[in-house]
Amino acid sequence: TFPKRIALLGSTGSIGRQTLDVVRQFPEQFQVVALAARSNVSLLAQQVAEFQPQLVTCFADTPEVEARARELLPQAVLGEQGLLEVATHPEADIVVAATSGLVGLKPTLAAIGARKAIALANKETLVMAGHLVMQAAQRAGVPILPIDSEHSAIWQCLRGEEQRDIARLFLTASGGPFRSATLEEIQGVTIAQALAHPTWHMGPKITIDSATLMNKGLEVIESRWLFGVPYERMEVVVHPESIIHSMVEFVDGSIKLQASLPSMHIPIMNALAYPQRLDRTGAEFIRELSWPTVANLHFEALDLPRFPCFRLALEAGRRGGTYPSVLVGADEEAVELFLAGKIRFVQIAEFIEEALERHTAIEQPDVTTTLETCAWARRMVRELWKKRA
Ligand code: NDP
Ligand code: MG
């Protein structure tokens, strides 16, 4: 029931800002009670002035950021503790998990422990610790409401359906900026080319993951946890227009799909309003889809040899245990090195593969083991880079 009170982790990011667009558009339905960000203090201060949350926190990863936060937001809680306080804020009904990377895991588990509904954007959390997150959510009786567009699509297709009637899930993939690049062209791509996504505007980490197709691999693992469908019954279809967001095939051969122009506002609205829907009239951020103008939708198979990260993700998902945590940690570090201009695009996959090969898996890892494994994988990639440099 409305109004819902929201705690937002990662308010200054791409998903965070779009979440606040939705709140701004639907002031009767939503209220912001707590905000958390890391380093963009000036934007965070603007958000605080506009939304007047009861709690604001800033991770402040450098002394400069900390000084700026003390100046502009003297009331802010600083450091990692802030994320946990936002995630468990007593006034919040729903926690939007929209930090990037692996920092979202502990706060998401804390939010579940505090019986908050979780609107989940941060896929790394489910990839590393899907077994812990889903089990905790089931025990606490809280829903995990997907924000990732493919998962929102599947989730919408599954409403009113029975689990046993699901035959296959088809996740669509835009194919990213290098969908039609040759292996040779991919060897020489620049940071700017990798950041130029054809259909989505997102934060830098997920944009690079979309260019390597790691993102799609992470999304397959994410689906396995969200929908309980085994890997053999999931397929990825390249669909460059990003209009069909994913599909579910049922046992009778009928396929449902969900469509819209590429927009993260729609899945955010879906997760926040669930089980209701919000009326988009007046919401200028949602463009109307005119079918005749998008008359040519295309579908093609994913060309695996050009996108080794996708294969690595699937292998790590299938092997399970701590392998997905190695995948997430190694990918985070490798993408950072790439964005810092320290390694080439194709080396992202090479370093991740090497970290996976050197890993000895632990089954059913707990939170500590999960995070330690991630940290190990990050160090491993750094060392591999230093050796090569
Ligand atoms: P961005 O990089 O744009 O934003 C990340 C946000 O997290 C920022 O607000 C950042 O703060 C904050 N943050 C990062 N580290 C910390 C920390 N240690 N403490 C507190 N806050 C922190 O990422 P996106 O919004 O693109 O993505 C967020 C998540 O959603 C990712 O897991 C991504 O995979 C997923 N996702 C994103 C989609 C998209 O369209 N963008 C689509 C589907 C999933 P600051 O800016 O202040 O440093
Ligand atoms: Mg997605």
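Which one is nearest to the chain's Cα centre (by Cα) among residues in the range 137-150 that are away from ligand 1 (no atom under 16 Å from the Cβ) and part of a helix (DSSP H, G or I)? Among them, the one singled out is A137. I'd like the residue in the range 243-278 that is in a loop (DSSP other than H, G, I, E, B) and of a type in the set (S, T, Y) and, out of all such residues, is farthest from L145 (Cα to Cα). Only one residue tops the list, namely S254. Only one residue in A121, A111, A87 is within 16 Å of ligand 2 (Cβ to nearest atom), surrounded by 24 or more Cβ atoms within 10 Å (Cβ to Cβ) and among the hydrophobic types (A, V, I, L, M, F, W, C), so which one is that? Of the residues listed, the single one that is within 16 Å of ligand 2 (Cβ to nearest atom), surrounded by 24 or more Cβ atoms within 10 Å (Cβ to Cβ) and among the hydrophobic types (A, V, I, L, M, F, W, C) is A121. None of I186, I166, I243 is closer than 23 Å to G320 by Cβ, surrounded by 15 or more Cβ atoms within 10 Å (Cβ to Cβ) and touching a residue at least 24 places away in the same chain (Cβ under 8 Å) except I166.
When I6 is tested against (1) within 26 Å of D148 (Cα to Cα); (2) surrounded by fewer than 22 Cβ atoms within 10 Å (Cβ to Cβ), just one condition goes unmet, and that condition is (2). The condition (being without any contact (Cβ under 8 Å) to a residue 24 or more places away in the chain, away from ligand 1 (no atom under 15 Å from the Cβ) and in a helix (DSSP H, G or I)) is satisfied by just one residue among E71, E66: E71. Listed by first and then second residue, the pairs linking a residue in the range 132-156 that is more than 16 Å from ligand 2 (Cβ to nearest atom) to a residue that is of a type outside the set (F, W, Y) and in a loop (DSSP other than H, G, I, E, B), with Cβ atoms under 7 Å apart and 6 or more places separating them unless they lie on different chains, are A140/R115; V142/R115; V142/K116.
A single member of T99, T108 is assigned to a loop (DSSP other than H, G, I, E, B) and either β-branched (V, I, T) or under 17 Å from the mean Cα position of the chain (by Cα) (or both), and it is T99.
Scanning the range 298-313 for residues that are loosely packed, with under 14 Cβ neighbours inside 10 Å and of a type outside the set (F, W, Y) gives H298, E300, A301, L304, P305.
Can you confirm whether E363 is modelled with pLDDT of 95 or more, charged (D, E, K, R) and not in a helix (DSSP H, G or I)?
Yes; evaluated as a whole, the condition is true for this residue.
Go through the range 355-389 and give me each residue that's touching a helix residue (DSSP H, G or I) at 6+ places or on another chain (Cβ under 6 Å) and without any contact (Cβ under 8 Å) to a residue 40 or more places away in the chain. Residues satisfying the conditions are A355, H359, L384.
Filtered by the rule that a residue be out of contact with any Asp or Glu (no Cβ under 7 Å at 6 or more places or on another chain) and either within 28 Å of S180 (Cα to Cα) or β-branched (V, I, T) (or both), the range 240-255 gives P240, E241, S242, I243, I244, M247, V248, E249. Residues of the range 27-63 that are away from ligand 1 (no atom under 16 Å from the Cβ) and part of a strand (DSSP E or B): F30, Q31, V33.
Of the helices (runs of 4 or more DSSP H) that lie entirely inside the range 176-229, those containing 3 or more residues that are away from ligand 2 (no atom under 16 Å from the Cβ) span 183-187, 191-195.
Just one of the listed residues (G188, G203, G160) is of a type in the set (G, A, S) and within 16 Å of ligand 1 (Cβ to nearest atom), and it is G203. Among the conditions (1) within 15 Å of ligand 2 (Cβ to nearest atom); (2) touching a residue at least 60 places away in the same chain (Cβ under 8 Å); (3) assigned to a helix (DSSP H, G or I), A129 misses just one, which is (1).
Among the numbered conditions (1) buried (at least 19 other Cβ atoms within 10 Å of the Cβ); (2) over 25 Å from T12 (Cβ atoms); (3) more than 12 Å from ligand 1 (Cβ to nearest atom), the only one that P230 does not meet is (1). Looking at A167, A153, just one residue is assigned to a helix (DSSP H, G or I), touching a strand residue (DSSP E or B) at 6+ places or on another chain (Cβ under 8 Å) and among the small types (G, A, S), and that residue is A153. In this structure, L102 does satisfy being farther than 26 Å from Q31 by Cβ, modelled with pLDDT under 95 and within 16 Å of ligand 1 (Cβ to nearest atom).
The values are calculated or read from the model by the stated rules, or taken from the named source; none is laboratory data. Computed from a predicted model, the values in this text were never measured in an experiment. Neighbour counts run over all protein chains shown; Cβ positions are idealised from the backbone, glycine included.
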